[in-house]
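Each remark here refers to the structure printed beneath this line.
The values are calculated or read from the model by the stated rules, or taken from the named source; none is laboratory data. Fair warning: this is a prediction, and the values are worked out from it, not measured in the lab. Here the Cβ is made from the backbone with ideal geometry for all residues, glycine too, and neighbour counts use every protein chain on show. The area values use the complete protein model at the heavy-atom level, side chains included, leaving out ligands, DNA and RNA. Shrake-Rupley method; radii C 1.70, N 1.55, O 1.52, S 1.80 Å.
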Amino acid sequence: RNSQESAGVDPTHLKWREDFLNRLRHAGLLQEQREVLQTKMRICFALLSAPWSVLCYYAEEISLRVPLQVVTAPVIIWSEKILSKLSLPNPMSQDVPNTPPDYYTCQFKTNKLQRFLGSDNHKTFFKTTQRHQVLYEILARTPYGSLKKGEVGIDRLLSEQVFTAAYPLHETPPVPPECLRLRQILYGYWAQWSCWRRYQPLDHIREYFGEKIALYFAWLGFYNGWLLPASIMGTLIFLFGFWLMSSDVPAKEVCDSGNTFIMCPICNICSYWNYSSICVSYKAGVLFDNGGTVFLSVFISLWAVTFLEYWKRTCSALSHRWDCSDFQEIEERPRPEFTAMAPMTVRNPVTGAEEPYFPEEKRFNRTLTGCMVIIIMLTVVLMFLIAIILYRTILTIIIYNSHDNFLSFSAQRIASISGSVLNLLVILMLSRVYTALAHILTRWEMHRTQSKYEDMFILKVFIFQFVNFYSSPVYIAFFKGRFVGYPGNFNTLFGVRNEDCGAGGCLIELAQELLVIMVGKQLINNIQEFIFPPRLREEVSPWVADYQLLVCEGLFSEYLEMVIQFGFITIFVAACPLAPLFALINNWVEVRLDAQKFVTEYRRPVVERAQDIGIWLPILQFITHTAVLSNAFLIAFTSSFLPRLYYRYTRESSLSGFINFTLATSPHNYSQHHTSCRYRGFRDENGENTPEYYHLLAVRLSFVIIFEHVVFFIGRLIDMMVPDIPEEVEMKMRREHYMAKEALAENQVRWNRSRLTDFHM
């Protein structure tokens, strides 16, 4: 913890600093002052530690859990269990040294000290992370000025720049070096690239970084494990599409049509063209648009539901093993910023203490104003989307006007790819702007607790990012080419003819858009982490070395990246079967990069407890439900699956003549060089919808209803069949409750006797 040289510093800050350090001494903390001279400043470090008596007092105060007995049952990972049943070797296992044991625990009581394991050794009884929790609790509670003005806690002092940093120290290499410490174990058995196929040492991560960070990596590893079957299935469907490319009857008809189908110009200045010229594009469309995509959509929808249900089980087991099952039941302390800015105080009905209070009516009005700002920002996103649509159309016209045969032939493809890249840049730019704005709005709304603040901030950013990342794919999937009109009666946007799907259809364009956004974003993120390596540090004291490290900004950006990715591989999987595979490859890299950042590049974060992954689970459930509806509409209205199915059962089972069936003839009043032409659609020669159009519309709507009902029904069955808490965890919880009751029984008897004397007459 450090402060700069006093020369030129605000006198109020100096007073606050001295008062704060003095009050920490009165609270019982031990202090050492160390000064380090740098080029233009003198940095003073205040090294804090808590003696045994202080640790015991606050451990009881904040309900720390301590061990009663070692749990002898081994922890078996689900994939390890499956491989052992199949008598297969497990290439993912590794022998990590010094595995932290699992304990039955209960809340610490000073007068029951002898009943806890390891109570005879005061140096090791409390874990390092528990000592950090006690120290942070004291730092967060200690006032440095007026309580009425909310001048309390280290967080406010940091925000006022009275101190420049406050952090727990990383472990230093032990002496002798052969005795590995936790940080070295994590570096050697987790952060190394050679560990890419190994299980993560989650108990070690929890022991060193705390439950919140450990739960993130547990979720990420669990997600990667479940991505494996999704990747295999997606790759098989993709290979099935390759096989279909060579045997698909409609594709052969397109390639062999010659001059049979003269197509209408795709823009006002464009010329007629032969349908056979899109042979390669049409075959590429078959690669993404085939019967296998229907099966893949159902598979991924059920995969997502099952993944979340089994994560709940895994999470409940981990939270109990890590002693945070009842974390949310503990009264959470108000945020220091809330304490400082709240305009009034009220008496807490539970504790009877005066606490800062912000009127709910004012908060509601501020939240409503924040919603209006979100709507304005979403409107900005849609404006950029319209601008990119116009850009693609205008660029196509410009390329056609260049009279270059090669460029003219690829005009739409060039415009589409460049538009996708431009859209990615706009997405990344708007993301930075809005994230900063969301921080300001959430802080202004004055939420009482840190968890509520984080939930509201996450919700704001997710709503924006959901629209920001998915608006362009949604437009291509469900709106592009729907409102074009027909020859002689084309619809326009700002005087420019509405954008139609490319020669290969909208689904291949959607696949291209997804690959550019999803893979492009992941590449940019990973390249940024590669080109900013850990800082080289000379041999200095541990507190100076840690001060030179980067500040850990938390897990928000890590979760958001994975959740947006989860949306891509579930909502639009029908258009891009390889999305799960790309996600899996990226995440293998992501785990190692994140591990290296936390172990070697970041200051050690203050330990935070957590019961689960918080509001991210409801967000993932929302994405899963959205994915079911999206895939249903994607197959029904964007894919050619249902038109082919309809044609197969009403006209020709071999699909011979399907291309002619899907092409309409231009109306008589449309003439350019007095030539009739063809265009995609189900219209007669007067431009009116044919009976087949309405038949197909009924089939499509029926498919959507049946698809979502079947998937939701099966998903509900899975939910009912998979209990959120495994039976062995429930048994362990009951055992632990019994042991805690036995350990504290004497206290309970004394308390009951004292209560009886209160009523003595």
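Pairs of alpha-carbon atoms within less than 8 angstrom and 6+ residues apart define the contacts here; what relative contact order does the chain have, in percent?
18
Please work out how much accessible surface Met344 shows to a 1.4 Å probe, ignoring ligands, DNA and RNA, in Å² rounded to 10.
90
Under 23 Å from the Cα of Lys521, which lysines turn up, not counting those fewer than eight places away in the same chain?
Excluding near neighbours in sequence, the set is Lys460, Lys597.
In nm, to one decimal, how far is the modelled label at Leu236 from the one at Arg482, with both set 7 Å along Cα→Cβ?
In this crude spin-label approximation the distance works out to 3.3 nm.
Of the chymotrypsin sites (Phe, Trp or Tyr not before Pro) in the stretch 411-499, which ones lie in a loop per DSSP and count no more than 10 other C-beta atoms within 10 Å?
Here the sparse-neighbourhood loop sites are Phe494.
Among rounded, prolate and oblate, which fits the stretch 108-201 when a ≥ b ≥ c are the square roots of the eigenvalues of its C-alpha gyration tensor, a/c under 1.5 means rounded, and a/b larger than b/c means prolate?
The shape class here is oblate.
Mind jotting down the distance between the C-alpha centroids of the stretch 563-578 and the stretch 615-679, whole Å?
If we compute the Cα centre of each part, the gap is 20 Å.
In terms of the Cα gyration tensor, with a ≥ b ≥ c the square roots of its eigenvalues, is the chain rounded because a/c is under 1.5, prolate because a/b exceeds b/c, or oblate?
Cα axes put the chain in the prolate bin.
Any chance you could give the angle, 0 to 90 degrees and rounded to 10, that helix 641-650 forms with the longest Cα principal axis of the chain?
Here the helix axis deviates by roughly 40 degrees.
Enumerate by residue number the chymotrypsin sites (Phe, Trp or Tyr not before Pro) in the stretch 186-267 meeting two conditions: DSSP loop (anything except H, G, I, E, B), and at most 11 other Cβ atoms within 10 Å of the site's Cβ. Don't jump to the answer; show the numbers that get you there.
Details: sites: Tyr187, Tyr189, Trp190, Trp193, Trp196, Tyr199, Tyr208, Phe209, Tyr216, Phe217, Trp219, Phe222, Tyr223, Trp226, Phe238, Phe240, Phe242, Trp243, Phe261; in loops: Trp190, Trp196, Tyr199, Phe261.
Those that pass, being in a loop and sparsely packed, are Trp196.
In the chain, with Lys and Arg counted as +1 and Asp and Glu as -1 at Cβ, which of these residues, Gln412, Gly614, Val134, has the Cα nearest the positive end of the dipole, that is, farthest along it?
Val134
Enter the Cα centre distance for the pair the stretch 235-273 and the stretch 183-215, rounded to the nearest angstrom.
51
In degrees from 0 to 90, rounded to the nearest 10, what is the angle of the helix 411-444 Cα long axis to the longest principal axis of the chain?
30
Under 18 Å between C-alpha atoms is the cut-off here; go through the stretch 11-181 and count lysine pairs that meet it, provided they're at least eight residues apart or on different chains. Present the calculation step by step, with values, prior to reporting the outcome.
Numbers: Lys15/Lys148; Lys15/Lys149; Lys109/Lys123; Lys109/Lys127; Lys112/Lys123.
For the stretch 11-181, qualifying lysine pairs total 5.
Return the lysines within reach of Lys283: Cα separation strictly under 21 angstrom, same-chain partners fewer than 8 residues apart disregarded; answer none if there are no such residues.
Lys252, Lys480
Mind checking the angle between helix 11-26 and the chain's longest principal axis? C-alpha axes, 0 to 90 degrees, to the nearest 10.
Taking Cα atoms only, the helix is inclined about 60 degrees.
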